[in-house]
Structures are given as structure tokens and as C-alpha cells.
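Worksheet: one structure, shown below.
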Amino acid sequence: MRRLIQSLGMLIFLLVSTSLYAVDNAALMEKGNKLYEQGEFEEAVLTYEKILATDMVSTALYYNLGCAYFSQKIYGKAILNFEKAHELSPRDADVIHNLEFTKLFLKDRFDLPEAMPFVALVKKVRSSLSLTELKTAESVLFSLLILSIIAYRLLRGAPGLKIIFQVTIILGVLVLIMGGWLLDRANALDQEHAVLLVKEANVSSAPIPGSSTLFVIHEGTTAEILDATDAWYELRLADGKTGWIVNEAVGIF
């Protein structure tokens, strides 16, 4: 009986603590928003960072933090937080706008060849879907494909069989495409990216102090992480250049 009472007491304590924890984060978010509206950007950042310290993750939190950093012209940390918000909500118009707008203030620009219109459209559609949405679409399309195959086998000789066959082919192609997108997104989630948070940094030929400098990058530049040691990251930039940089100079998303 005593153990039961103790267990119930512990459960009530956890529920109350969790509730207060959530209320406290909501209060901090409101406080941070008010500080931002009043132009107290540094204080707003400190308030939002307190929420992050509780391991809370949300699009609004990363977005607000990005805006607060942008208002201080701290573009590296602004991009880092906008990128994190974009990962959570890939179709959020405000996040996309602020992310792209912030990149206009960066020193490093990469003139990459433009993709064909159709290819660009496909990439845009693919990147706008979250992992959950891709999984749902794949499940729905696969279910429809199975139903279409069953209907084709059961209705042999019936009118409209040709249309059912064509629908089956189309669904099969869509299942393959969506499956490829899903695999690509799953692999992308395993890949980490870095954002340079300092004004500029040397990218070296090896993860060794004193190694030769290959090139210099500036605040806000993003790159894919290819490899890592205890103190270094190997990066690949958008233009394909690779090299090593000390890990304390970048933020990860």
C-alpha cells in the first residue's frame, strides 16, 4: 500500500512538473517576443536560448531566434536557426523568405548553373514535402497500386480494362518516384550541414594545425559535412570545393 501511494505521489509530481515546465517555456517565449518587439534583440536572444536549453524544439522558436540574430546583423547564427526551422516546416513561407533574404547579405556567393525548369520544379516539390508527408504519400500510392492490380485481375474482359491497366502503370511509376524521394530524404537526414558562425575562417588541406590553407570562407556560408575528427570537420561547399575547418567555427544543422 505504501509503495502504491509513493508511486502515485511520484506520478502526480511528474505531471505537475511537466505542466509547470510547459507554462514556463510559454512564458519565456512571450517574454522573448515582447523584448524583440521593443528592439531589445540581445535580451530576446538570451530568452529564446533559455528555451532551447530545455531541449524544446519548434519552428516558431528557431524562427524567432533567427529573426533576433538577423536584427543584430549576426547572419551566421540567423541562417543556422532559419535552416533548423526550415527542416521542421519546409513549406513555411516566412521561414523560406527570411532564409533566402538573409543569404543576400553574405559575402560568399556561388554562381551555379541553373537547372532545367522541369528539374527545378521537381526539386522544389520534393524539398517542400516533409519526411512524414513522403511516407504517407508512398503508403497511399502503394495501396492504390495494389487495389488497381486486384481490379485489373478481377475485371478481365470487362469494359474499361485498358484504362485500369494505364492507371496501374501510372501508379507503379509514382510509387517508384515517391520511393526514390523517400530514400533520398532519409539519406539527407543522416547528412549534417555546417554554417560558419565567425566572420571568416581558413579552410585547410588537412585536419592538422598549420596545414596549408586552400581557401577562405565567410560568415553564413553553409556546407555539407563529409567527415569529422575530434576538432575538425571536412566540408564540401555548394561549388564542390572541399577542405577542413575547426569545428568551433561552425554551427550544425
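Surface composition of the chain: carbon plus sulfur atoms contribute 62% of the solvent-accessible area (1.4 Å probe, protein chains only, all chains present).
Overall dimensions of segment 21-148, expressed as equivalent-ellipsoid semi-axes from the Cα gyration tensor (√(5λ), whole Å, largest first), are 33, 23, 9. How would you classify segment 116-210 from its alpha-carbon gyration tensor, with a ≥ b ≥ c the square roots of the eigenvalues: rounded for a/c under 1.5, else prolate if a/b is greater than b/c, otherwise oblate? It is prolate, given that a/c is not under 1.5 and a/b is the larger ratio. Which whole number in µm²/s is D for the chain by Stokes-Einstein, with the Kirkwood Rh taken over Cα pairs at 4 °C and 1.567 mPa s? Translational D for this selection: 58 µm²/s.
This model, with +1 at the C-beta of Lys and Arg and -1 at the C-beta of Asp and Glu, gives the chain a dipole about its Cα centre of some 1180 debye.
With the highest mean first, a sort of the peptides 33-45, 99-111 on other beta-carbon atoms found within 10 angstrom per residue produces 33-45, 99-111.
Charge dipole (Cα centre; +1 on Lys/Arg Cβ, -1 on Asp/Glu Cβ; no other charges) of segment 132-253 amounts to roughly 1020 debye. Give me the 1.4 Å probe accessible area per residue for segment 64-182, excluding ligands and nucleic acids, in Å². That works out to 64 Å² for each residue. Each of Ala27, Pro159, Ile252 was placed along the dipole of the chain (beta-carbon charges, centred on the mean Cα), and the one lying farthest toward the positive end is Pro159.
By the scheme Lys and Arg +1, Asp and Glu -1, what is the net charge of all other residues having a beta-carbon under 15 Å from that of Ser205?
With Lys, Arg at +1 and Asp, Glu at -1, the neighbours total 0.
In segment 141-183, the ratio of gyration radius to Kirkwood radius, Rg to Rh, stands at 1.07 when only Cα atoms are counted. Shape of segment 60-102 from the C-alpha gyration tensor: prolate (a/c of 1.5 or more and a/b above b/c, with a ≥ b ≥ c the square roots of its eigenvalues). Residue pairs exceeding 18 angstrom between C-alpha atoms, taken from Lys50/Lys73; Lys77/Lys107; Lys103/Lys199: Lys50/Lys73. Of the residues His193, Ser205, Ala68, the one whose Cα sits farthest towards the positive end of the charge dipole of the chain is His193 (charges of +1 on Lys and Arg Cβ, -1 on Asp and Glu Cβ, taken about the Cα centre).
The values are calculated or read from the model by the stated rules, or taken from the named source; none is laboratory data. Because the structure is a prediction, the values reported are computed rather than measured. Because the Cβ atoms are built from the backbone with ideal geometry, glycine has one as well, and the counts that use them run over all protein chains shown. For accessibility, only protein heavy atoms count, side chains too; no ligands or nucleic acids. Shrake-Rupley method; radii C 1.70, N 1.55, O 1.52, S 1.80 Å.
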